[in-house]
Amino acid sequence: MFFRILALAFLLITCCLSVNNSTAVAYEELNEGSAKKSRSASCVVGRTAPPIGFWTWPANASVNIYLREPDFSTSDVSAVKVAVENWDATATETGSNVRFVFHGLTRELRNAQGEMTILRQAVFNKTQRHRALLEAHSRQQDQFIDYALMLVDPSVRDPGMLTNVVAHEIGHSLGLLDCYKCDSRSTAMGLLKAGDESNGMEGPTFCDRLEVMAAYQGLKPRSPLIAAAK
Ligand SMILES: [Zn+2]
């Protein structure tokens with residue numbers, strides 16, 4: 001019984017997937033931990049490249065990113081902008097053609113089509129050691145993301161670490177999964193270092209871009225939403 005409870009908790013934590021009545025929601029998280037030194041420049045899933053399988057923005061989507069205040073302030077803007085622009089620059093190369101536009105501060109929690117709001121929420125605990133969480137919403141429950149919330153733990157204060165977190169979570173929204181055992185600096189989907197130290201990942205690596213390309217090549221076109229008639 002004890003084992004079964006543990007197994008269930010593990011499933012919830014690692015898959016972080018839940019569905020409610022009207023909207024499917026998926027969660028991904030960023031943990032803290034140590035990283036290994038890079039051994040290879042080639043892209044091997046699980047060693048130097050992240051696996052794929054998380055939900056994605058639809059191909060050709062335009063994603064508008066906002067930073068909620070007072071959770072964040074003008075001093076945080078540039079740290080977020082770096083990661084957003086680095087991912088946006090890969091839109092054509094990866095074949096996703098998903099464009100990311102950073103709009104700066106907002107006071108709202110936005111949930112219109114293609115909107116992503118970054119806000120503060122306590123997601124860290126000593127067991128999970130999450131530093132951030134991506135809450136992805138799919139109104140059609142088809143694993144295509146309509147809007148998303150990026151929850152960043154208050155412990156993430158260092159600008160470099162904030163850049164790492166945003167780069168990592170945007171990667172999730174393009175289909176990438178965590179690769180905690182990947183070599184250091186081989187992917188943005190690895191672990192954060194302990195404490196407030198940046199892991200140096202400000203955007204996607206070559207292997208990340210290849211994996212996003214693979215994720216989007218495997219997607220079927222999204223079905224048009226059919227309105228229910230009474
Ligand atoms: Zn993650």
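The values are calculated or read from the model by the stated rules, or taken from the named source; none is laboratory data. This is a predicted model, so every value here is computed, not measured. Counting neighbours? That spans all protein chains shown, and the Cβs are built from the backbone with ideal geometry, glycine included. All accessible areas refer to the heavy atoms of the entire protein, side chains included, with ligands and DNA or RNA removed. Shrake-Rupley method; radii C 1.70, N 1.55, O 1.52, S 1.80 Å.
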Leaving out ligands and nucleic acids, and using a 1.4 Å probe, what accessible area per residue does the range 74-230 come to in Å²? 46 Å²
Under a 5 Å amide H to amide H cut-off, with H placed in plane at 1.01 Å, what residues pair with residue 130 once short-range neighbours are removed? 125
Using θ = phi - 60° and the Karplus form 6.51 cos²θ - 1.76 cosθ + 1.60, what ³J(HN,Hα) does each residue of the range 159-171 get, whole Hz, x for Gly and Pro? x, x, 5, 4, 4, 4, 4, 5, 4, 5, 5, 4, x
Net lengthening on full extension, residue 74/residue 222 (0.36 nm per residue, minus Cα-Cα): 49.6 nm
Test item: Cα-centred dipole of the range 20-217, Lys/Arg +1 and Asp/Glu -1 on Cβ, debye: 460 debye
Would you please give the residues with an amide H less than 5 Å from that of residue 90, counting only those at least 5 places away or on a separate chain, with H modeled from the backbone geometry? none
Within the accessible area of the range 20-217 (1.4 Å probe), percent carbon and sulfur: 48 percent
